[in-house]
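K.L.:
Okay, handing you the structure first.
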Amino acid sequence: MKYISTRGGVSGISFSDAVMMGLATDGGLLLPQEIPEVPQEKLKAWKDLPYKGLALEVMRLFASDIPEEDLERLIEKSYSTFTHPEIVPLVKVDRVYIMELFHGPTLAFKDVALQFLGNLFEYLLSKRNKTMNILGATSGDTGSAAIHGVKGRKNMTIFILHPHKRVSPIQELQMTTVTDPNVFNLSIEGTFDDCQAIVKTIFNDLEFKERYRLGAVNSINWARVLAQVVYYVWAALKFDRPVRICVPTGNFGNIFAGYIAKKMTGLIERLILATNENDILYRFLSRGDYSVGKVVPTISPSMDIQVASNFERYLYYLYDEDPKKVKEAMEEFSKSKALKFSAEEVEKAQKDFLTGSATQEETLKTIKEIYERTGYILDPHTAVGVKVALEHLEEKIPVICLATAHPAKFPDAVKKAIGKEPPIPKTIKDLFNKERRFSVLPADTERVKEFIAKHAIS
Ligand SMILES: *Cc1c(COP(=O)(O)O)cnc(C)c1O
């Protein structure tokens, strides 16, 4: 399988090169040249596979330049850190099925992709005799999942900036209790925006970036999307008829993986895109209005996003795989911060996606109602999805809601909804007694650069 850029400036590169490239060199995003359609008999055979076995079958179609036994080993290693025997168990709750994607080390769905990406980077770097220093900023979730994906890996270090004393206590512990020598938590005396601005400035210093071989683990890396495709196929194979899958959405990374799974298998009737009050994707799907609004902080913070970084990948298909059109649209978008879509385009998108959005009040109400009816506690992100999924129930179509975080990660929102905090899993309780390691630095790019220069792997 070869890879291309959504903007047409890159083509014919291998899976491994696509993973190492991250963002395409022409500013676009990388995609497989074609999406394989899996024949019926093969799908039938896949039904009996355990999760890791299915992951191998799905991924090998896209990662043909990696020897199968190596890929198998990477998958085995990546999902052995999950605490549930089924990795991503499916449970019936009320009138929907919940697929729990939160049994990885940081209790959020990002572990599914980042455990794999960390192992894959380590493998590719050692094959190429190279090293990499990963740099990123976090307001909580992604940073801790990235740290757990990279810790202890050879040939790489990770520097994650978080705002000092401004991330939730659990998220802070999940990051700072990782004391492996290749992990550097930088607690910045400033806001998340300061952290992000520092990281951006450093990445724009091309000389520094080259010298320290800086890399990123953000959600535009194709390997992250690929790891997520697997659980859509896994979920759909559990039923004897096409399913609907509802996704609490921020950057469009998770649901885009669902779109690939839909194209590959034909087992997904439609995807349901759920947003919180930051509803740019809801507006796009309901009326063709993709215009950037102001980010509103909510109780589902990992979905507080206005520019969905993976949306460009979908645009490529909406525009019938025409890279010229994508490039023009993205140039227009970077100028005007808005794209308008025709009624025909919206109609086309609606063949693949249903949509809805939930206010914070509706989200809390959903957590409360589901708890009262079933005893099951939803985290606020998952609750946004469940609220929207319940609006799209149809007879004879099973609806699966992706649970993107464990409720214990968001105890305040849960308490607000049901009057008590969710039970805290042992893995979180244990964090409170662990040694912690982090460095407090001022919100000053030069000081962060000095720190990286001193600790980077050469
Ligand atoms: C990242 C995240 C999301 C949003 O996923 P996208 O791939 O950005 O759409 C939803 N819920 C949780 C808990 C997350 O961490």
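K.L.:
In contact with a Ser or Thr (Cβ under 9 Å, 6 or more places away or on another chain) and at pLDDT 95 or above: which single residue out of LEU49, LEU31, LEU71 fits that description?
P.N.:
Details: LEU49 fails: in contact with a Ser or Thr (Cβ under 9 Å, 6 or more places away or on another chain); LEU71 fails: in contact with a Ser or Thr (Cβ under 9 Å, 6 or more places away or on another chain).
After ruling out the rest, the residue left standing is LEU31.
K.L.:
Can you confirm whether the range 348-355 contains a residue that is β-branched (Val, Ile, Thr) and more than 22 Å from SER219 (Cα to Cα)?
P.N.:
The first filter runs over the range 348-355 and keeps only residues β-branched (Val, Ile, Thr), leaving 355.
Among the residues that remain, those that are also more than 22 Å from SER219 (Cα to Cα) are: none.
There is no residue in the range 348-355 that is β-branched (Val, Ile, Thr) and more than 22 Å from SER219 (Cα to Cα).
K.L.:
Can you confirm whether the range 5-17 contains a residue that is at pLDDT below 95, open to solvent by 50 Å² or more (accessible area, probe 1.4 Å) and not in a loop (DSSP other than H, G, I, E, B)? It would help to see each step written out before you state the result.
P.N.:
Let us first name the residues in the range 5-17 that are at pLDDT below 95, namely none.
Checking the range 5-17: not a single residue is at pLDDT below 95, open to solvent by 50 Å² or more (accessible area, probe 1.4 Å) and not in a loop (DSSP other than H, G, I, E, B).
K.L.:
For the list (1) open to solvent by 30 Å² or more (accessible area, probe 1.4 Å); (2) touching a Ser or Thr at 6+ places or on another chain (Cβ under 9 Å); (3) away from the ligand (no atom under 14 Å from the Cβ), I need the number of the one condition that LYS294 fails.
P.N.:
(2)
K.L.:
Hey, any hits in the range 299-319 for a residue that's more than 12 Å from the ligand (Cβ to nearest atom), closer than 30 Å to LEU43 by Cα, touching a His at 6+ places or on another chain (Cβ under 6 Å) and hydrophobic (A, V, I, L, M, F, W, C)?
P.N.:
Checking the range 299-319: not a single residue is more than 12 Å from the ligand (Cβ to nearest atom), closer than 30 Å to LEU43 by Cα, touching a His at 6+ places or on another chain (Cβ under 6 Å) and hydrophobic (A, V, I, L, M, F, W, C).
K.L.:
Looking at PHE121, PHE116, which one is open to solvent by less than 20 Å² (accessible area, probe 1.4 Å), farther than 24 Å from CYS246 by Cβ and not in a loop (DSSP other than H, G, I, E, B)?
P.N.:
PHE121
K.L.:
Could you say whether any residue in the range 177-193 is in a strand (DSSP E or B) and under 22 Å from LEU43 (Cα atoms)?
P.N.:
Taking the range 177-193 first, the residues in a strand (DSSP E or B) are 183-189.
Checking the rest, the ones that are also under 22 Å from LEU43 (Cα atoms) come to none.
Among the residues of the range 177-193, not one is in a strand (DSSP E or B) and under 22 Å from LEU43 (Cα atoms), which makes the answer no.
K.L.:
Hey, does the range 38-58 have a residue that's part of a strand (DSSP E or B) and on the phi < 0 side of the Ramachandran plot? Before the answer, list the steps.
P.N.:
In the first step, residues of the range 38-58 are kept if they are part of a strand (DSSP E or B); the result is none.
Checked against the condition, which is being part of a strand (DSSP E or B) and on the phi < 0 side of the Ramachandran plot, the range 38-58 yields no hits at all.
K.L.:
Exactly one condition in (1) closer than 23 Å to GLY136 by Cα; (2) surrounded by fewer than 24 Cβ atoms within 10 Å (Cβ to Cβ) is false for GLY250; which is it?
P.N.:
Failed condition: (2).
K.L.:
Turning to a different aspect of this structure: Which residues, taken from the range 415-441, are among the charged types (D, E, K, R), under 25 Å from PRO301 (Cβ atoms), in contact (Cβ under 8 Å) with a residue 60 or more places away in the chain and out of contact with any strand residue (DSSP E or B) (no Cβ under 8 Å at 6 or more places or on another chain)? Don't jump to the end; show me each part of the working.
P.N.:
Just the residues of the range 415-441 that are among the charged types (D, E, K, R), to begin with: 415-416, 420-421, 426, 429-430, 434-437.
Then drop every residue that is not under 25 Å from PRO301 (Cβ atoms), which leaves 415-416, 420-421, 426, 429-430, 434, 436-437.
In the following step, the residues that additionally are in contact (Cβ under 8 Å) with a residue 60 or more places away in the chain were identified as 416, 434, 436-437.
Passing the criteria: LYS416, LYS434, ARG436.
K.L.:
Mind listing whichever residues of the range 318-334 are open to solvent by 20 Å² or more (accessible area, probe 1.4 Å) and either touching a helix residue (DSSP H, G or I) at 6+ places or on another chain (Cβ under 9 Å) or at pLDDT 95 or above (or both)? Can you show your working first?
P.N.:
Taking the range 318-334 and keeping what is open to solvent by 20 Å² or more (accessible area, probe 1.4 Å), we get 319-325, 327-328, 330-332, 334.
Result: TYR319, ASP320, GLU321, ASP322, PRO323, LYS324, LYS325, LYS327, GLU328, MET330, GLU331, GLU332.
K.L.:
Which one of the conditions (1) within 16 Å of the ligand (Cβ to nearest atom); (2) closer than 28 Å to LEU54 by Cα; (3) not hydroxyl-bearing (Ser, Thr, Tyr) does GLY136 fail to meet, given that it meets all the rest?
P.N.:
Going through (1) within 16 Å of the ligand (Cβ to nearest atom); (2) closer than 28 Å to LEU54 by Cα; (3) not hydroxyl-bearing (Ser, Thr, Tyr) one by one, GLY136 breaks only (2).
K.L.:
Which one of these does ILE268 not meet: (1) surrounded by 24 or more Cβ atoms within 10 Å (Cβ to Cβ); (2) β-branched (Val, Ile, Thr); (3) touching a Pro at 6+ places or on another chain (Cβ under 7 Å)?
P.N.:
(1)
K.L.:
Kindly evaluate ARG128 against the criterion of being under 26 Å from ASN254 (Cα atoms), open to solvent by 20 Å² or more (accessible area, probe 1.4 Å) and at pLDDT 95 or above.
P.N.:
Working: under 26 Å from ASN254 (Cα atoms): no; open to solvent by 20 Å² or more (accessible area, probe 1.4 Å): yes; at pLDDT 95 or above: yes.
When the stated conditions are applied, ARG128 does not pass them.
K.L.:
To continue, here is another question. Provide a single number: the residues in the range 449-458 that are surrounded by 16 or more Cβ atoms within 10 Å (Cβ to Cβ) and more than 26 Å from PRO105 (Cβ to Cβ).
P.N.:
1
K.L.:
Right, here's the next one. Tell me yes or no: at least one residue of the range 346-354 is surrounded by 17 or more Cβ atoms within 10 Å (Cβ to Cβ), within 18 Å of GLU277 (Cβ to Cβ) and within 16 Å of the ligand (Cβ to nearest atom).
P.N.:
Checked against the condition, which is being surrounded by 17 or more Cβ atoms within 10 Å (Cβ to Cβ), within 18 Å of GLU277 (Cβ to Cβ) and within 16 Å of the ligand (Cβ to nearest atom), the range 346-354 yields no hits at all.
K.L.:
While we're on this one: Residues in the range 36-48: is at least one of a type in the set (Phe, Trp, Tyr), surrounded by 15 or more Cβ atoms within 10 Å (Cβ to Cβ) and touching a helix residue (DSSP H, G or I) at 6+ places or on another chain (Cβ under 7 Å)? Can you show your working first?
P.N.:
Going residue by residue through the range 36-48, those that are of a type in the set (Phe, Trp, Tyr) are 46.
Next, only the ones that are surrounded by 15 or more Cβ atoms within 10 Å (Cβ to Cβ) stay: 46.
With the extra rule that they be touching a helix residue (DSSP H, G or I) at 6+ places or on another chain (Cβ under 7 Å), the set shrinks to 46.
Looking through the range 36-48, at least one residue is of a type in the set (Phe, Trp, Tyr), surrounded by 15 or more Cβ atoms within 10 Å (Cβ to Cβ) and touching a helix residue (DSSP H, G or I) at 6+ places or on another chain (Cβ under 7 Å).
K.L.:
Inside the range 62-76, can you point out the residues that are in contact (Cβ under 8 Å) with a residue 60 or more places away in the chain and open to solvent by less than 50 Å² (accessible area, probe 1.4 Å)?
P.N.:
PHE62, ALA63
K.L.:
Can I ask one more? Looking at ASP444, ASP412, which one is closer than 25 Å to THR177 by Cβ and either more than 13 Å from the ligand (Cβ to nearest atom) or in contact (Cβ under 8 Å) with a residue 60 or more places away in the chain (or both)? Working first, answer last.
P.N.:
Values: ASP444 fails: closer than 25 Å to THR177 by Cβ.
From the options ASP444, ASP412, the qualifying one is ASP412.
K.L.:
Name the single residue, out of those in the range 289-323 being aliphatic (A, V, I, L, M) and part of a loop (DSSP other than H, G, I, E, B), that is nearest to ALA343 (Cα to Cα). So that I can check it myself, show each step before the final result.
P.N.:
Going through the range 289-323, the residues aliphatic (A, V, I, L, M) turn out to be 292, 295-296, 299, 303, 305, 307-308, 315, 318.
Okay, now just the ones that are also part of a loop (DSSP other than H, G, I, E, B), so 292, 295-296, 299, 305, 307-308.
Numbers: VAL292: 20, VAL295: 27, VAL296: 28, ILE299: 33, ILE305: 25, VAL307: 22, ALA308: 21 Å.
My answer is VAL292.
K.L.:
Quick one: in the range 100-113, of everything that is open to solvent by less than 10 Å² (accessible area, probe 1.4 Å) and part of a loop (DSSP other than H, G, I, E, B), which residue is farthest from the ligand (Cβ to nearest atom)?
P.N.:
GLY104
The values are calculated or read from the model by the stated rules, or taken from the named source; none is laboratory data. Predicted, not measured: the structure shown is a model, and the values here were computed from it. Cβ coordinates were reconstructed from backbone atoms using ideal geometry, including for glycine residues, and neighbour counts include every protein chain displayed. These area figures cover heavy atoms from the full protein model, side chains too; ligands, DNA and RNA do not enter into them. Shrake-Rupley method; radii C 1.70, N 1.55, O 1.52, S 1.80 Å.
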